[in-house]
Amino acid sequence: MISEQLPALQVVVPLIAAAFCLVLARPLGAWLITFAASAASMAVSFLMLNTVMDSGVIDYTFGGWAAPFGIAYRVDLVNAYVLMIVSTISTVVSVFARASVTSEIETHNQGFFYTAWLLCLTGLLGITITGDAFNLFVFLEISSLSSYALIAMGADRRALTAAYQYLIMGTIGATFILIGVGLLYALTGTLNMLDLAQRLPDVANTRTARTGFAFLTVGLGLKIALFPLHLWLPNAYAYAPSAVSAFLAATATKVAVYVLLRFVFSVFGVEFALGAMPLALGLAILGSVAVLSASTIAIFQQNLKRMLAYSSVAQIGYLALGVSLATPAGLTATLLHLFNHALMKGALFVALGCIAWRIGSSRLQDFAGLGYRMPWTMGAFVVGGLSLIGIPLTAGFISKWHLILAALEKGWWPITVVIIAGSLLAVIYVWQVVERAYLAKPPAETSRAEAPASMLIPAWLLAIANLYFGLHTDLSVGIASRAAASLFGVVP
Amino acid sequence: MIDNPVLRIIAKIIIPMILLFALYVQFHGDYGPGGGFQAGVIFAAGFILYGLVFGTEALRSAIPPGVLRLLIAVGLLLFAGVGVVTMLAGSDYLAYNALAQDPLAGQHLGILAVEFGVGITVSAVMITIFLAFAGRNDP
Amino acid sequence: MIAGLYNYWIVILLMMTGFYVVISSGNLVKKIIGLNLFQASVFILYISIGKIANGHVPILQEGVSNYSNPLPHVLILTAIVVGVSTTALGLALVVRIRETYDSVEEEEIHRQDESL
């Protein structure tokens, strides 16, 4: 019986947990609820991924109303995969959050912090699982509003302006998505994604369809932080509490990329979205510029959280490049990078959070001698950094390798050059940190002072995952390629 | 404003009517225009008027922030709980038919409970927002 | 053509006014007002879609077969709630920014952060 209810439980468990968190408001209890709810959603998402792998798509209708009338959830391989990423990252990072939040956020606000965390998780899972275009907008706003609140809780006063800026740009993006959905509804009379996909081809050649598509892509571009719509991201990630940076960097933009894939491939169809509309070319150009410019800007950042944020903008460029190729191989690379980037950015931001917990700073100048003061933390940071560059035997290498292969297969060699150039730039900004931490002269005393185990274990879990998925590619590549094939409509 | 007798007396007359009208909009929502969102906002408007006339301190003692926080959660849990009950009854989430023997009675009961939950949360959130802004400079 | 589609022209006018205020104004409160105008235009877009020529109130009645579409109104009720939450959160941030920086002008805030 419970196995049939999994899609509803995926969203309802964190939602109900958020209500309990609000009532309880004690830091420890709220954290326990957050961790338990995250772990439960992770279990649900793994069960669903397993079911989808074995027996195909799961359909779920709310309130007993059949699909076009009620809200339907539809879990296929693509969103089961993204659900798995989001809930796993939330679980791992929430372990880390306890100590980090205790040191960064005032006690009376911690209950609100965990409530907002769970609501954000609810929103992200809801966006991913829903099969209804308007429901998607509602969940998008739930996750966005709670992430604005989470970012504003950062200790630096610039967190406030960063959250405000994100609120303005995020709301414009969400409203653009609302306009796009409204135009599609006016055109087809349905909000269900499956129905939309069936009815759109007949009316694809109208100005309304093209306008709706344009609004949706630009709105999603804002949420994805695709260059040049990324202006909100560096400040938001740099001044948010450490745990929030780790959680959002590894999940929020990934989910937005998933929505773009869903609309491009499942709703509008490849011929329209990447053929009739100039999206492929746009993504290729913007993606290349994002990789090169954001990586270059990252080199000059003194605040490492800001550096990683710019690196995220660059990584989003890689994701866009994979989509722009419009081939199953390119899409596989994008989906693979979705997963691997969540792992590496998770590891890096969590490691940075450990450092901020110990030395109270994430500025490069304070890193001198840190390799000896905090060997375990810096070890995890270096593994994440190597993965970010794309050194062989790490997860980052696998996704870049697939991306380069896909680009060569298509014959777009300039993209290959861009990817290699981006990796070389990544070498520079990661090396800066390594150099400062291991080779620079430490200030005065260098007694060993590690972060507590509750912070180190998540950092190393993510770091080891980076190594594991760099060696054992069957699982990640297998799911990603099957998911890509299903988006292209090839029966796996 | 508490010194102005006209405001005080008018407010005392009008606030019960606002609350009553809110309850009407809430529970008549199954038959005519109405429902939890509108009723919640009207209900909160009554309290906000009270706060405007008698001061935020009086409003806070009438309905303490802790109670508001509890109400926000209770409304949400009522909504989500109805769904859990239908799930336990072996049906889909929020499938009200499973709430009673007769599907019609089930639908009736379900929508009433869900809208009531929405109403509680909306009014508590609205009063909280008012207090968060208007009571910001209180000692 | 202009007369027949006047609702869209109103929507576009409102939308562009709101969008312009968001982009051009340096005052944080005015930006939020612009954002509200921008969202309101989308609400009107949805609601005007629901109108059907000679359509009746969407409550079952004898002898009426042509009803207006109630769904856009329901959707917009949700979107209005989202809009209210966004405004409340935005204004709450502005209040805290004002308490921290003693200003709600973007340029002034930037100037203070630069000198940090």
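The values are calculated or read from the model by the stated rules, or taken from the named source; none is laboratory data. Bear in mind the structure is a predicted one, so any value in this text is a computation, not a measurement. Using ideal geometry, Cβ is built from the backbone for each residue, glycine included, and neighbour counts are taken over all protein chains shown.
Listed by position, the helices (runs of 4 or more DSSP H) contained in the stretch A:167-262 that have at least 2 residues being of a type in the set (Asp, Glu) and more than 30 Å from A:Met307 (Cα to Cα) are A:193-203. Total residues in the stretch A:428-443 satisfying the condition of being surrounded by fewer than 16 Cβ atoms within 10 Å (Cβ to Cβ) and β-branched (Val, Ile, Thr): the figure is 1. Among the residues of the stretch C:79-101, is any in contact (Cβ under 8 Å) with a residue 24 or more places away in the chain, of a type outside the set (Phe, Trp, Tyr) and either more than 12 Å from chain A (Cβ to nearest Cβ) or over 20 Å from A:Tyr148 (Cα atoms) (or both)? No: the stretch C:79-101 contains no residue that is in contact (Cβ under 8 Å) with a residue 24 or more places away in the chain, of a type outside the set (Phe, Trp, Tyr) and either more than 12 Å from chain A (Cβ to nearest Cβ) or over 20 Å from A:Tyr148 (Cα atoms) (or both).
To keep it simple, each residue is scored yes or no on (1) within 14 Å of chain C (Cβ to nearest Cβ); (2) within 30 Å of A:Val101 (Cβ to Cβ); (3) touching a residue at least 12 places away in the same chain (Cβ under 8 Å).
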position	(1), (2), (3)
A:Ala162	yes, yes, yes
A:Leu167	yes, yes, yes
A:Ile179	yes, no, yes
A:Leu187	yes, no, yes
A:Val203	no, no, yes
A:Ala252	no, yes, yes
A:Val255	no, yes, yes
A:Gly269	no, no, yes
A:Met277	no, no, yes
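Inspection of the stretch B:55-67 identifies at least one residue that is at positive phi, of a type outside the set (Asp, Glu) and at pLDDT below 90. The number of residues in the stretch B:19-52 that are away from chain C (no Cβ under 14 Å) and either closer than 30 Å to B:Gly106 by Cβ or surrounded by 19 or more Cβ atoms within 10 Å (Cβ to Cβ) (or both) comes to 14.
Determine whether the stretch A:323-338 contains at least one residue that is of a type outside the set (D, E, K, R) and closer than 21 Å to A:Ile177 by Cα. Yes, because at least one residue in the stretch A:323-338 is of a type outside the set (D, E, K, R) and closer than 21 Å to A:Ile177 by Cα.
Among the residues of the stretch C:102-115, the ones that are charged (D, E, K, R), in contact (Cβ under 8 Å) with a residue 12 or more places away in the chain and within 10 Å of chain A (Cβ to nearest Cβ) come to 1 in all.
Scan the stretch A:30-39 and tell me whether some residue there is within 11 Å of chain B (Cβ to nearest Cβ) and more than 22 Å from A:Val82 (Cα to Cα). So far as the stretch A:30-39 goes, no, none of its residues is within 11 Å of chain B (Cβ to nearest Cβ) and more than 22 Å from A:Val82 (Cα to Cα). Counting the residues of the stretch A:136-148 that are at the interface with chain C (Cβ under 10 Å from one of its Cβ atoms) and not charged (D, E, K, R) gives 8.
Residues that are among the aliphatic types (A, V, I, L, M) and crowded, with 24+ Cβ neighbours inside 10 Å within the stretch A:223-237 comprise A:Ile224, A:Ala225, A:Leu226, A:Leu233, A:Ala236, listed in sequence order.
Among the numbered conditions (1) crowded, with 24+ Cβ neighbours inside 10 Å; (2) among the polar types (S, T, N, Q); (3) free of Cβ contacts under 8 Å to residues at least 24 places away in the same chain, the only one that A:Thr61 does not meet is (1).
Residues in the stretch C:6-30 that are in a loop (DSSP other than H, G, I, E, B) and in contact (Cβ under 8 Å) with a residue 12 or more places away in the chain: 1 in all. Restricted to the stretch C:33-59, and to residues there that are farther than 22 Å from B:Gln38 by Cα and among the aliphatic types (A, V, I, L, M), the residue that is farthest from the other protein chains (Cβ to nearest Cβ) is C:Ala53. In the stretch C:67-74 there is at least one residue that is assigned to a helix (DSSP H, G or I), more than 9 Å from chain A (Cβ to nearest Cβ) and not acidic (Asp, Glu).
Within the stretch B:59-83, being under 18 Å from B:Phe116 (Cβ atoms) and either at the interface with chain A (Cβ under 7 Å from one of its Cβ atoms) or touching an Asp or Glu at 6+ places or on another chain (Cβ under 6 Å) (or both) holds for B:Leu70, B:Ile72, B:Ala73, B:Leu76, B:Leu77, B:Ala80, B:Gly83.
Inspection of the stretch B:87-101 finds no residue satisfying the criterion of being modelled with pLDDT of 85 or more and within 14 Å of chain A (Cβ to nearest Cβ). Taken over the stretch B:62-118, the criterion of being outside any helix (DSSP H, G or I) and closer than 24 Å to A:Thr115 by Cα is satisfied by B:Ile63, B:Pro64, B:Tyr93, B:Leu94. Selection over the stretch C:102-116 of residues that are over 27 Å from A:Leu145 (Cβ atoms) and assigned to a loop (DSSP other than H, G, I, E, B) gives a count of 2.
Assigned to a helix (DSSP H, G or I), in contact with a helix residue (DSSP H, G or I) (Cβ under 9 Å, 6 or more places away or on another chain), within 9 Å of another protein chain (Cβ to nearest Cβ) and not aromatic (Phe, Trp, Tyr): does that describe A:Ile151? Against the criterion (assigned to a helix (DSSP H, G or I), in contact with a helix residue (DSSP H, G or I) (Cβ under 9 Å, 6 or more places away or on another chain), within 9 Å of another protein chain (Cβ to nearest Cβ) and not aromatic (Phe, Trp, Tyr)), A:Ile151 does not qualify.
Out of (1) among the aliphatic types (A, V, I, L, M); (2) over 13 Å from the mean Cα position of the chain (by Cα); (3) within 14 Å of chain A (Cβ to nearest Cβ); (4) closer than 30 Å to A:Ala72 by Cα, what's the single condition that is false for B:Ala105? With (1) among the aliphatic types (A, V, I, L, M); (2) over 13 Å from the mean Cα position of the chain (by Cα); (3) within 14 Å of chain A (Cβ to nearest Cβ); (4) closer than 30 Å to A:Ala72 by Cα applied to B:Ala105, the lone miss is (3).
Listed here are the residues, each with its yes/no results for (1) among the β-branched types (Val, Ile, Thr); (2) assigned to a helix (DSSP H, G or I).
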| residue | (1), (2) |
| --- | --- |
| A:Met48 | no, yes |
| A:Tyr73 | no, no |
| A:Asn79 | no, yes |
| A:Ile85 | yes, yes |
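Restricting attention to the stretch B:108-131, the residues that are aliphatic (A, V, I, L, M), more than 9 Å from every other protein chain (Cβ to nearest Cβ) and under 22 Å from B:His28 (Cα atoms) total 8. Checking A:Leu467, A:Leu461, A:Leu405 one by one, the residue that is farther than 28 Å from A:Phe247 by Cα, surrounded by fewer than 22 Cβ atoms within 10 Å (Cβ to Cβ), within 24 Å of the chain's Cα centre (by Cα) and touching a residue at least 24 places away in the same chain (Cβ under 8 Å) is A:Leu405 and no other. Per the conditions (1) more than 10 Å from chain A (Cβ to nearest Cβ); (2) within 27 Å of B:Pro33 (Cα to Cα); (3) surrounded by 15 or more Cβ atoms within 10 Å (Cβ to Cβ), the sole criterion not satisfied by B:Ala134 is (2).
Test of understanding: among A:Tyr73, A:Tyr81, which residue is under 28 Å from A:Arg482 (Cβ atoms) and in contact with an Asp or Glu (Cβ under 9 Å, 6 or more places away or on another chain)? Every option except A:Tyr73 fails the conditions.
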